[in-house]
Amino acid sequence: MRIDKPATGGTSRDDKIGDGAAAGALIELREVSKRYAAGRDPALDRVSVQVAAGEAVAVMGPSGSGKSTLLNLVAGLDQPSGGTVTVAGQRVDTLSETRTARYRRTQVGMIFQFFNLVEDLTVAGNVMLPARLAGVRRRTARARADQLLGELGIDRYRDSYPGRLSGGERQRVAIARALVNRPAVLLADEPTGAVDTAAGRAIGQLLLDLNEAGQTLLIVTHNPELAERYASRVIQLADGRVVSDTGAAGHGEAAAAGQREPGAQP
Amino acid sequence: MRAGPVLRAAWAGAARRLVQSGVVLAVLGVSCAAALTAMTLVFAANQGTAAAVAVTHGADLAVTINADKVSAGQLAATRHLPGVTQDAGPYPQTTITVATRGAAAGHPGGGGLLPTGLTVVGRASPSGSLDDIIANPSIMAGMGTSRWPDRPGQVSLAFTTGIRVPLGSKLTVVSAPGRLVLTVTGYAQAQENYEDAWVTPGEIAALRPAGAPAQDQMLYTFASDSTNAQLSADLAELKAALPGGAVASSQSLVNTGEGPPGGNVNTRFVLAFAVLALVLAVLVVANVVSGAVVASYRRIGVLKSIGFTPAQVTAVYLAQISIPAVAGAVAGTVLGNWQVLPVLGLYEIQGAHVFVPLWINLTVPLAMLALTGLAAAVPAARAGRLHAVEAITAGQAPRAGRGAAPYRLAARLPLPETVTTGLAAPFSRPARSAVTLAALLFGLTGVVLGASLNSSVHKINDSAISGLGQLQAAPDGRTNTLSRSQAAAAAAAIRAQPGTQHYVGETDLMSGVTLLVPSKAPVNVGIAGQPDLPLATYAYDGDSSWLGWALISGHWYNGPGQIDVSADFTALTGKTTGDLVTLTVNGKPVSVRIAGEVFLPNVVPTMFLSWQTLGGQAAGLTVNQYDIDLTAGTSTAGYTSALQRALGPGISVGSSGNASFAAGVDLSLFRWLTVLVAALAALGVLNAALIATRERVHDLGVFKAVGMTPRQVITMVICWVIGPAVIAAAIALPAGLTAQDVLVHQLASSNGGMLSCVGTCTSPAWGSVLPGSFVHVLGGTDLLLLALAGLAIAVVGALGPASWAARTRTSAVLHTE
């Protein structure tokens, strides 16, 4: 599949975002914590992570380890209780809701486990939506959407509604939507969690192709096979903390040895 | 079926959806209050006092006896007739004609009272062996403290006559020898309406017109009294027991032809309002409840997926809706009783307890709850029959192609994406949008109809005094006319008084009324060829075009030789707008043309003209009063005081407001019903917008996730409701106005002249013709404001959940179902 190289400066008329990350790091979390309620254990506890441009990073861990929280903070869907989040040189954690929305249009492509497509819009309408919000002309947005739908093999569904598609097809629509503005970062939260195995493999291959074309990926998954095949690096979280940050092969060896949960006895 | 899981699921559903539960509670509350008010009024209007109130005692039959045909002993013996349980009397009785001010001297009195026939009974005390009359009823508290007459020269009027002169006013008995004057000491309220006024017993003889027979009133109650046939039989027995010709007439509660105290005045309008409130209550409850269930289809699917049977699903939703519905029905019933009882205060009877019948207090909430159950059960049962997956996806996945065309069309507009997306969104979910549209339609139509009916009723009720100016300056009763010098001085004072916008001298003439003392007026105006036709004439010495008499047709006269006439005039003379009429002015013919017809329900035909039209005969005219209008912002009280000081003694300045021809029913009832209608409408619209937005909150999270700013979210949501609101307004405004047009004409034509009659009504039906201004009461600005109000309510309903979504972190919104 031919995927355009991501643009790092956005394709809209939105404001240019500033600079602040460590040199070479596209994404940087520095001592980031997130606590949802006072007195409860933090979802993230002083996590520091850097992701370079072009990397494919898998974030793994058991339920409640903070994987999705980390992703939401990078996407600006939530705000940390402490620490800083910087993407493409821009402090994301201090943005207002409005500026966060603009940031998401141009810098981030988000893929959710349960797709989160707008049921009232057609497939093409869903894909075009971020582009239209970013001010792209309708004709240009439609052309871009058609291109992506074709590359993803679902152009025949362009006038269908998401409710009539299979899970795998819906996820492809979500991927197309996430790519329409050529974001600097593609964030995927359990992208294969709601689809069958075959569809999951196909989606994984898509993500691999994207990364090979230069797209920076941050994937949350509990699927070691996905991490092994499609990520060059695995960050293991447990109880809101990074317990390991290794290459994918190292993780795969650990998995083959018995898939020990962090902290568990071999 | 196990009740535990069902009730738990129902309670959880109701508790989690507090806003929706609150709306259901409010809708049921207002609906029950409206329905209870409506039912009570309908029932009372149709059944009369005996059914609407608890009557402790009162007379079944009032018989007028010719006193010279029967002895006291013969009358006393009637109490022993079989079937007679109680009797009272004889009370002396006569019929008189009263008038005030100008009318008393043969000049019809604007701002006062035209010759009015009254049946008067002499009673030493309001309390009798058979009935109790309330001498100082609370319903007339606004007039002051009423007293029962305790000496000659005093009269207490039955409040049902509709006469509303201030306490202490002088009524001239124009039918009595010597033109006696009675001072009004109060307004009393009787259980029955057998007489119009009360004086001391010794006064009757002096009031009796020359040549009229002496009569007495006897009151009876019978063992069997509930039907006309039974009372007729009792009356026949009574007549047989008395000498021939002794019984002059009789009345009973059953055959008086009157409804509740206050007569039929405005009753039909009240009924129309009541029916409107009832219909709107039913529609809004059905819409709100069914919409609430439809919005929960996904949850229903989830319940089914974990093992709830179809019957249990239906039970869950019936129970979930019932929790706030029952609370609302109880609250609404209490509210309805609290609000309707002051209206039923019309029926207050000393010693009797006024209440809303128990069967209404039970029927209304049970009926509204049954309707609620039906509205909830139908969609809940449907969802229960669906497979779990179908229920979850029902309404969430539009069929392919539906809605695509509106989006494409909207996209062609040179508008931002958020606006076009918002405008097109309702079309992708037609069923849900239809619920919203229906709520907007019902609400707006109801409010337009209610507001315009309210205005129409008030205008009709005020029509009799609408052409008298805000204030009148008239002789204070010692004389009825102003001399030329007095008139000139008064005019000068009025002209000089700050705050005077318009004024005109009015001369009131009367002819053809045989009971009057022969007129001493210098000018006698009649209709050629119809000397016996009662005719009231208002003649003006200047510009009278500002007076504001409501015209049915034509225009106000704008020069000599033109007149305007009342509907009674046209009916009795056969002449209408544009026709020539020959008047006789002091016996000389004067040809005039009818310029227009005035809406003036009255006891006598009336015409309006200028002094100049009366030609040379007008030299003898004198002014009876000055009608005055004030400039905007002028204090009426301050102006009255200042002008009174300037005019000095002999001329009184006052308002004719209390002399309305309306009777009985408190016009605030209309305001209460209008408030109920408006509240129902608002709740329906608010709920529809709330539901439509609430179920799309997750979508709002998705929009935010892909980059929609909070302001764009709000804009899109407003556009969601604008489309249906505009469509609803385009339909509802003309529909409401058309309905009001038809309804007002129907109601008016069915009144047959009873709407504004006082005392004896002899005029033919006027009601088929109303001035356009009484029907088309809402102007363009009013309609625009109503439409904007409906839109505003819809936007407010939508903005609640939308604002929450816009403000809240996107991750939290995405997790919202």
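The values are calculated or read from the model by the stated rules, or taken from the named source; none is laboratory data. Computed from a prediction, not measured in an experiment: that's the story for all the values here. Here the Cβ is made from the backbone with ideal geometry for all residues, glycine too, and neighbour counts use every protein chain on show. Remember, those area values only see protein heavy atoms, side chains included, never the ligands or the DNA or RNA. Shrake-Rupley method; radii C 1.70, N 1.55, O 1.52, S 1.80 Å.
Structural remarks
Okay, residues lined up against (1) within 14 Å of chain B (Cβ to nearest Cβ); (2) of a type in the set (Ser, Thr, Tyr); (3) in contact with a helix residue (DSSP H, G or I) (Cβ under 9 Å, 6 or more places away or on another chain); (4) on the phi > 0 side of the Ramachandran plot:
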residue	(1), (2), (3), (4)
A:VAL47	no, no, yes, no
A:GLY54	no, no, yes, yes
A:ALA58	no, no, yes, no
A:PRO62	no, no, no, no
A:SER65	no, yes, no, no
A:ASN72	yes, no, yes, no
A:PRO80	yes, no, yes, no
A:ARG105	yes, no, yes, no
A:GLN113	yes, no, yes, no
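- Helices (runs of 4 or more DSSP H) fully within the range A:191-257 that include at least 2 residues being under 19 Å from A:GLY109 (Cβ atoms) and at pLDDT 90 or above: A:197-212.
- Of all residues in the range B:693-707, those that are away from chain A (no Cβ under 12 Å) and within 18 Å of B:GLY723 (Cα to Cα) total 2.
- The residue pairs whose first member lies in the range A:156-183 and is away from chain B (no Cβ under 12 Å) and farther than 23 Å from B:GLY707 by Cα, whose second member is among the small types (Gly, Ala, Ser) and open to solvent by 10 Å² or more (accessible area, probe 1.4 Å), and whose beta carbons are closer than 7 Å, counting only pairs six or more residues apart or on different chains, are A:GLY167/A:ALA194; A:GLY167/A:ALA199; A:GLY168/A:ALA199; A:GLY168/A:ALA202.
- Residue among A:LEU77, A:LEU70 that is at pLDDT 90 or above and under 19 Å from A:LEU186 (Cα atoms): A:LEU70
- In the range B:708-744, the residues that are surrounded by fewer than 17 Cβ atoms within 10 Å (Cβ to Cβ), farther than 30 Å from B:TYR407 by Cα and touching a helix residue (DSSP H, G or I) at 6+ places or on another chain (Cβ under 7 Å): B:ASP741
- Count - residues of the range B:303-337 that are crowded, with 20+ Cβ neighbours inside 10 Å and assigned to a loop (DSSP other than H, G, I, E, B): 1
- Candidate set: the range A:121-142, residues that are facing chain B (nearest Cβ under 7 Å) and touching an Asp or Glu at 6+ places or on another chain (Cβ under 7 Å); chosen: the one farthest from A:ALA178 (Cα to Cα): A:THR122
- Qualifying strands (runs of 3 or more DSSP E) (wholly inside the range A:39-150; at least 3 residues being open to solvent by 40 Å² or more (accessible area, probe 1.4 Å)): A:44-52
- Scope the range B:778-807; condition surrounded by fewer than 18 Cβ atoms within 10 Å (Cβ to Cβ), within 14 Å of chain A (Cβ to nearest Cβ) and not charged (D, E, K, R); matching residues: B:SER803, B:TRP804
- Taking the range A:193-216 as the range and being open to solvent by 20 Å² or more (accessible area, probe 1.4 Å), closer than 19 Å to A:LEU165 by Cα and not hydrophobic (A, V, I, L, M, F, W, C) as the test, the residues that pass are A:GLY193, A:ASP196, A:THR197, A:ARG201.
- Applying a threshold of 8 Å to beta carbon distances and a minimum spacing of six or more residues, or different chains, the list of pairs starting in the range B:203-215 at a residue that is among the hydrophobic types (A, V, I, L, M, F, W, C) and at pLDDT 90 or above and ending at one that is assigned to a helix (DSSP H, G or I) and open to solvent by 50 Å² or more (accessible area, probe 1.4 Å) reads B:ALA214/B:ASP68; B:ALA214/B:ALA205.
- Checklist (1) assigned to a helix (DSSP H, G or I); (2) buried (at least 24 other Cβ atoms within 10 Å of the Cβ) applied to A:GLY168, failing item: (2)
- Residue list for the range B:676-692, restricted to those being open to solvent by 10 Å² or more (accessible area, probe 1.4 Å) and either within 14 Å of chain A (Cβ to nearest Cβ) or more than 24 Å from B:ASN454 (Cβ to Cβ) (or both): B:LEU690, B:ILE691, B:ALA692
- Cβ pairs under 6 Å, 6+ apart, first in the range B:778-806 and over 18 Å from B:GLY723 (Cα atoms), second assigned to a helix (DSSP H, G or I) and open to solvent by 50 Å² or more (accessible area, probe 1.4 Å): B:PRO801/B:ARG694
- Entirely in the range B:402-512, the helices (runs of 4 or more DSSP H) that have 3 or more residues that are within 14 Å of chain A (Cβ to nearest Cβ), at pLDDT 80 or above and touching a Ser or Thr at 6+ places or on another chain (Cβ under 8 Å): B:417-428
- When B:LEU28, B:LEU75 are screened for being at pLDDT 85 or above and more than 25 Å from B:ASP132 (Cα to Cα), only B:LEU28 passes.
- Conditions (1) more than 16 Å from B:GLN251 (Cα to Cα); (2) part of a loop (DSSP other than H, G, I, E, B); (3) at pLDDT 80 or above; number of the one not met by B:TYR194: (1)
- Only residues that are closer than 20 Å to A:VAL32 by Cβ and open to solvent by less than 40 Å² (accessible area, probe 1.4 Å) were counted across the range A:222-243, and they come to 7.
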